[in-house]
Amino acid sequence: MSDGVKVTIDDREIEVAKGTGLVETAEAAGIEIPVFCYEPRLGPAVGACRMCLVEVEGLPKLQAGCTLTAQDGMVVRTAATSKRAAEGQHGTLEFILVNHPLDCPVCDKGGECPLQDLTFRYGPGSTRMTFAKMTFDKPIPVSPLIALDRERCILCYRCTRFSSDVAEDDQLIARNRGAYSEIATFGEDPYRAPFSGNVIELCPVGALTSTQYRFEARPWEIQDVPTVCGLCPAGCNIRATTREGAVKRVQSRNHPEIDGGWLCDKGRFTYPHLRAEDRVGEPLQRGPLGLEPVAWDAALDRAEELLRGARGTIVTALSGSETNEIAYGLGVLLRRGLGAHSAVLDESTSAALDAFRAPLSTIGDAELVVIVGDDDVVDRAPAVDLWLRKARRGGAEIVTVGARGSVPAPVGGAADALRELTDPAHDLGKRLRASERAVLVWSGPGGGGGARLAEAAHKLGFDGKPGCAAFHLPATPNPRGVSEAWAAAADGDESDPEPIGLLVVSGDEAAGSPDVRALAEQAEAVIAITMFHSLAVGWADLVLPATASLEREGTSMNLEGRLQRLRRTVISPVPDELAWLSKLAARFDAELSPHAAVVFEELSERIYGGLRLEQLGEHAALPARAAYVAPEPSRAPGAEAAQRAEGHFVGTLRLLRYTPLFSGHQVERVAELQFQRPEEEIALSSGDAGRRGISTGDVVTVRSNGTSVELRARVDRKLVEGVARVADEHAADLHAEVEVVKA
Amino acid sequence: MSSAPEVVFAGTDGGAITDLAAYEAVGGLTALRRAREMTPEQIIAELDASSLRGRGGAFFPTGRKWSFVPKPDQNPRPHYLVVNADESEPGTFKDREIMLRVPFRFLEGCLIAARGIESQHVFVYIRGEYEHEWEILVSALEQLREAKLLGGVTIVLHRGAGAYICGEETALLESLEGRRGQPRTKPPFPAIAGLYASPTAVNNVESITTVTPIIEMGGAEYAKLGVEDSTGTRVFSLSGNVVRPGNYELPHGYPLRDLIHEVGGGIADGRTLKAVIPGGSSTPILTASEAEKVTLDFDSLSKAGSAIGSAAVIVLDDRCCMVQLGVRVSQFYEHESCGKCTPCRVGTRWLTHILQKIESGRGTHADLDLLLDVGDRINGTCLCPLGDSDAIAVASYVAKFREEFLQHIEEASCPFHGASSLDGIVAPTDVHEAHVGPHEIHRPLEVVA
């Protein structure tokens, strides 16, 4: 290596790249330098805990190894070969244990606790401390999700550093001083932020623990199953901890390119929805008294009956949250078996961005990021939000163009914004062209699944620049995978039957969609595949129970275009979709295996170039960029503009609906997450609120065409004028133009 | 009284100069005018010639420190001068008097130093408790501003909020930036990345105040005062069991015994000298016979196993219990520990517990060994010198007065039987007691009103 440095640690010589930290250098040599406060993802080393004390030749005092970088010719001795270093580390552990309570028998961290492990390796076997230990009230509810035990806390500050320097929510702080320091939230308010749960994994002791996992299991009786989160399009890699066939917690599995080891609270804490009270446990058929349970064979018979009866007039409503295999299986049954090629999916998809695909981590290294669209990135793909913050800390400029952007734009103006950016005279566009590390992001509806973004990226010359990338953030986790797998199942054109003889609704996204409900009203019959009773009641003729993504074996494609493998973490209480889809398909002479691995093989032959499941590995790779292929032009070129031009009457505001992160049928069913649910409020710009005499906190009536809703107002200084922003679930049936008056 | 010339307090005649015109009348602003004709390099050269060493306690050569600040063409970030007026070392109260009596000489030094390191911004971090001193400086600064003497330099007078640790330069910078006052690891050093990650020189009030007369008389002239390794004069804070405690400006090299017996009027109430802490509580204690032999300079005190530190001389007579001294001093460090690093946060509290146990008569020989061993584990492992200082101070009390410690142990009580002059001089303990669990072992402490 031309710019490597040679370091000697414990008489072992190792060469590492210049700039490598000493802890990593030792690791490369197979030597442990124990640490507590050191976590490179939190920023520069602080050297606070003094666990990593080592002897460095030429320096009189012991040094905090974590703060050192490998220098050529450095000679280091760790506890293994230096009595002084061993005493130093022993001393640190002794000091930590002076006030640490003997909680191991009742502490959730026991068995997977770095303090226990390091004490065994480097610490004292007994205590010399004969005074009373410090005590604190415990546990403190930091939030409904996190419990704090101040007696166990070793004040390594990993949690506060995460809060201020990574998630940048500044809610978890240290207060007081010295031995009386304590971790707390400002004003005793709960820690309410999208990434709060990460402090549980960061905490090296049992000070910050998950309330959901409290007293649930011990490390020797659990099994961890690696899989991928299926709740948003980022596809963060996770590990599900299971005990006796139930998921007990979800942790990060650190894919350095996708999630960097972080998880959002939705991905981490939503798993209890698998055991929701209103989970559909068996097929239901509409009878005189409503939906009644029916045996599986009878259900499949009824399904066959409905399918045969409606042949030629079947439409399928797909969800962007299915696995590729389920989507393909549906395609085999409906398209191959019944010639029912018509399907609806809430969003468009496109392969055009494959020419600019890159790991999400590319955002973290960017110098300029431009985000178009009206939705906050954190609501669509939280992992991207963390990468943006990292980029900004590294000096990047982040420009948002949208209804709440740093560059204000009208609602639905994302496509126009891209057009402006690609104008050769546009200043920001010029900077994007000139940069080697620029990223474009589309965060909002429309965009042709990334097609518009790809066109812009191409015009801006992103081709061939690995540091330049473009990301389209869809609303569902796997729309492209679903769309392409459905398409791959057979050849045949859509027919748009009118009227719809049978609507097959697959998945809860579709089941909960007002547009799909509208279709269902027109359809003569409806089969719904859904997880929750309330989503199907009242409009489905036959309900077949669905599984959750944690219960599925299969694959999905994230917003990067990366194919990842899902593994079944627990056996679901209902049969896997492929199991009964294959039976049904057989009745229509279409062959479908009930095993996801076999289905993947078939699918892969058709659209993934024969890629084998094993090749995906534990941390799937992102394939190299494809050549740019110009996408089909926007089908309704004026569609978005038309939306805007829709009569903006004096006094009315354009209603901007959005889907907050902590919404959705899964989140609604988790008790500990209810405090994160969106407030029932409507956001107005300062100007609009001022003109109506409305201040934050006022109750207002929001009216449009015969419907009205009462909400609390909030003045949003970032919101562009003429717009009122409401969470989808609070907007009910309001139309696009609303009147807002003080109640 | 010594007949040595005053440099820091020159022209004050024992009083204070808080009016700009009065200051100019005694020659004030001459140095500033001269400095404005000099280049930054020339100013630093003058400081080098003076061999002025930092008056805060670290005694680092001031000229050399300024030369570490990179030139603007090497580093595009703005330069900052930060003045450490957080004076909190026990026994030290000289900066207080300097700000009260010669505020203009101090501010003039700020302006000269700013020129020396090519800075347009000066931040003076004053301990929060020095409210009156801050008001004096505000008034002086206002007068300078009205007389249009600042020359484009902004001087910010920032008040601290009661933390000794904010006297540590990197903790001070953190506090100034609005964060918790906890030290940073070095490197990077403040000269390269200090305030707002920019080149910063951090200097003590007395050092900055001394810059003015150095420029006025010339560095070489200043170096003729004092002794070779410690040039110039020093303002010594004399306190404890002396007849005339107070601040005294004397040349370095002045005999300690003369400070105590001549200048300070000797031991009060006809008692006898027992011990002297020569440079603030962080310096090892000297026995009476050691104190009689040393001179107040870097070399002499180092050779005696102590240090000149912050030039705070604490005199203790034969009524002082050394174990109680240990308790009180250790309580100070426990209370002031920032809590960032494990050995200091936990160790200072543990040392205090053990000392209290010995003082209460319940200590054993094993406790004395434990006390020294715990101190050994603290010294050299901390992030900053605060923890080290507790260990060093306590170790010196045991080393020099071991028999007294043994007496507490073997007689199972304090030999002073409530007659020590340190009796009841204890730290406020309401905060301390709140976090101690049931079955308290050490003797509960009381606050002396």
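Brief remarks on what is shown
- Single residue of B:ALA307, B:ALA311, B:ALA288 found to be of a type outside the set (D, E, K, R), outside the structural domain of B:ILE392 (by TED's automatic domain parsing) and over 20 Å from the mean Cα position of the chain (by Cα): B:ALA288
- Scan of region A:253-272 for residues that are surrounded by fewer than 22 Cβ atoms within 10 Å (Cβ to Cβ) and part of a helix (DSSP H, G or I), ordered by number: A:PRO272
- Looking only at region A:396-452, residues that are under 24 Å from the mean Cα position of the chain (by Cα), under 20 Å from A:LEU719 (Cα atoms) and in a helix (DSSP H, G or I) come to 1 in all.
- Count of region A:651-680 residues, restricted to those that are in contact with a strand residue (DSSP E or B) (Cβ under 7 Å, 6 or more places away or on another chain) and surrounded by 19 or more Cβ atoms within 10 Å (Cβ to Cβ), is 7.
- 1 or more residues touching a Leu at 6+ places or on another chain (Cβ under 8 Å), more than 8 Å from chain A (Cβ to nearest Cβ) and of a type in the set (Phe, Trp, Tyr): qualifying helices (runs of 4 or more DSSP H) within region B:317-388: B:322-336
- Note on region B:74-110: residues that are of a type in the set (Val, Ile, Thr) and out of contact with any strand residue (DSSP E or B) (no Cβ under 6 Å at 6 or more places or on another chain) total 2.
- Set B:THR364, B:THR352: member being closer than 21 Å to B:ILE165 by Cβ and not hydrophobic (A, V, I, L, M, F, W, C): B:THR352
- Residue satisfying condition, being more than 14 Å from chain B (Cβ to nearest Cβ) and surrounded by 24 or more Cβ atoms within 10 Å (Cβ to Cβ), within set A:ALA85, A:ALA26: A:ALA26
- Output for region A:98-127, where each listed residue is more than 14 Å from every other protein chain (Cβ to nearest Cβ) and of a type in the set (S, T, N, Q): A:GLN116
- Region A:128-149, residues that are in contact (Cβ under 8 Å) with a residue 12 or more places away in the chain and at the interface with another protein chain (Cβ under 9 Å from one of its Cβ atoms): A:ARG128, A:MET129, A:LYS133, A:MET134, A:THR135, A:PHE136
- Qualifying residue in region B:409-420 (condition: touching a helix residue (DSSP H, G or I) at 6+ places or on another chain (Cβ under 6 Å) and either under 22 Å from A:LYS133 (Cβ atoms) or of a type in the set (D, E, K, R) (or both)): no
- Residue under evaluation A:CYS107, criteria (1) over 30 Å from A:ARG393 (Cα atoms); (2) touching a residue at least 12 places away in the same chain (Cβ under 8 Å); (3) out of contact with any Gly (no Cβ under 8 Å at 6 or more places or on another chain), criterion not met: (3)
- Residue in region A:605-629 that is modelled with the highest pLDDT, counting only those that are hydrophobic (A, V, I, L, M, F, W, C) and outside any loop (DSSP other than H, G, I, E, B): A:ILE607
- Set A:LEU719, A:LEU653, A:LEU684, A:LEU673: member being hydrophobic (A, V, I, L, M, F, W, C) and closer than 30 Å to A:GLN212 by Cβ: A:LEU673
- Each residue in region A:36-52 was checked for being within 12 Å of chain B (Cβ to nearest Cβ) and surrounded by 19 or more Cβ atoms within 10 Å (Cβ to Cβ), and 11 of them qualify.
- Counted as qualifying within region A:104-216 are no helices (runs of 4 or more DSSP H), as none has 1 or more residues that are over 25 Å from A:PHE269 (Cα atoms) and under 28 Å from the mean Cα position of the chain (by Cα).
- From the options B:GLY246, B:GLY270, B:GLY219, residue that is surrounded by fewer than 23 Cβ atoms within 10 Å (Cβ to Cβ), at pLDDT below 95 and not acidic (Asp, Glu): B:GLY270
- Residues that are within 11 Å of another protein chain (Cβ to nearest Cβ), part of a loop (DSSP other than H, G, I, E, B) and in contact (Cβ under 8 Å) with a residue 12 or more places away in the chain, drawn from region A:53-78: A:LEU62, A:LEU68
The values are calculated or read from the model by the stated rules, or taken from the named source; none is laboratory data. This one's a predicted model, so the numbers in the text were calculated from it and none came from an experiment. Note: ideal-geometry Cβ built from the backbone for every residue, glycine included; neighbour counts use all protein chains shown.
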